Amino acid sequence: MTLPGFDAAFREQLDLLLRWRRDVRHFRRDPLPEGTLEALVERACLAPSVGNSQPWRFVAVDSPGCRAAIRAEFEECNAAALAAQPEERQAAYAALKLAGLQEAPVHLAVFCDEQTRTGHGLGRATMPETLRASAMGAVLTLWLAARARGIGVGWVSILRAGRVAAILDVPGSWALTAYLCLGYPEREEETPELDRRGWQGRDPEAGRILRR
Ligand SMILES: Cc1cc2nc3c(=O)[nH]c(=O)nc-3n(C[C@H](O)[C@H](O)[C@H](O)COP(=O)(O)O)c2cc1C
C-alpha cells in the first residue's frame, strides 16, 4: 500500500484546521445533520491506542433528564470553582462562559473502559495511564474531524467524573475522559477565548524544545 499523496495544499489546509480548531462555548441551537455524530465517532476510532486497546466508549446524552442533571452538576461545580479562586480573580472567573451545555444540540460523553482486555495489556504494565491517554487521543481526533466539518466542540471538565458516570448509568469500569458539547459555533475565532478575555495567554514554555 502506498500513502496517499498529501500535497502542500493539503498541509496548508491542515495547518488552518489546527489553528482554527478552538474550544467552543457559544453554540447555535440548530441540530447537526443526520448521521454526523456516527461519522465523527467512526473517525475518532482511527486514533492510536496503547496495545490497540481502543478503550474509548461513547455516550450520546439526548434525554432532557440527563442533560438537565449534567447542567445542574456543572452549575454546582462551577460555583465551587468560583469560590476557590483567589479573591482578586473571582470577578474575572465569574465573567467567563465555561460551557455551552444549554445551547449545544449534542452532548457526547467519552469514557475509558479501564477493564478492557482488548490489547492484552501491552504497554500498560509499565504505564497504566496510557489507557486514558488513548481515550484522550480519540477525543482530539473527533474534535479535528468535527472542526473540518464546521462543527465546534467544547470540552467541559467542571464536572465530577463519578457523578457524570452515575447520571449516565454506565458500567463501573468506565472512567470519564471528556464531556463534550458539539454544534455549530455562533462565531469563528482564531484566538482562544480564554486568551481573548485576558484569563490566560500563550505560555512561552509551551513551544520550547529541550535537547539532551
Ligand atoms: C482536558 C481539557 C479540559 C477542558 N475543560 C474546559 C472547561 O471545563 N471549560 C472550558 O470553558 N474550557 C475547557 N477546556 C478548553 C480549554 O480552555 C481550551 O482548550 C484552552 O483555553 C485553549 O483554547 P482553544 O482550545 O480554543 O485553543 C478544556 C480543554 C481540555 C483539553
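Using the Kyte-Doolittle scale, find the helices of the chain whose mean hydropathy is at least 0.0 and whose Cα atoms extend 18 Å or more along the helix's long axis, counting only whole DSSP H runs.
64-84, 130-148
Can you put Leu140, Leu159 in order, fewest other beta carbons within 10 Å first?
Leu140, Leu159
At a 10 angstrom cut-off on C-beta neighbours, averaged per residue, how do the peptides 148-155, 106-113 rank from highest to lowest?
106-113, 148-155
Starting from 0.36 nm per residue, how many nanometres of slack lie between Met136 and Gln200 once their C-alpha separation is accounted for?
Length gained, Met136 through Gln200: 20.8 nm.
Just check the chain against the gyration tensor rule for me: Cα atoms, a ≥ b ≥ c as the square roots of the eigenvalues, rounded for a/c under 1.5, and otherwise prolate or oblate depending on whether a/b exceeds b/c.
Rounded.
Counting other beta carbons within 10 Å of each residue's own, what order do Met136, Met1 fall into, fewest first?
Met1, Met136
Sort Trp199, Trp143 so that the residue with the fewest other Cβ atoms within 10 Å of its own Cβ comes first and the one with the most comes last.
So the ranking, lowest neighbour count to highest, is Trp199, Trp143.
A short reminder: the numbers here are calculations on the coordinates, not readings from a lab. Owing to the predicted nature of the structure, the values given are computational and were not obtained by experimental measurement. Neighbour counts run over all protein chains shown; Cβ positions are idealised from the backbone, glycine included.
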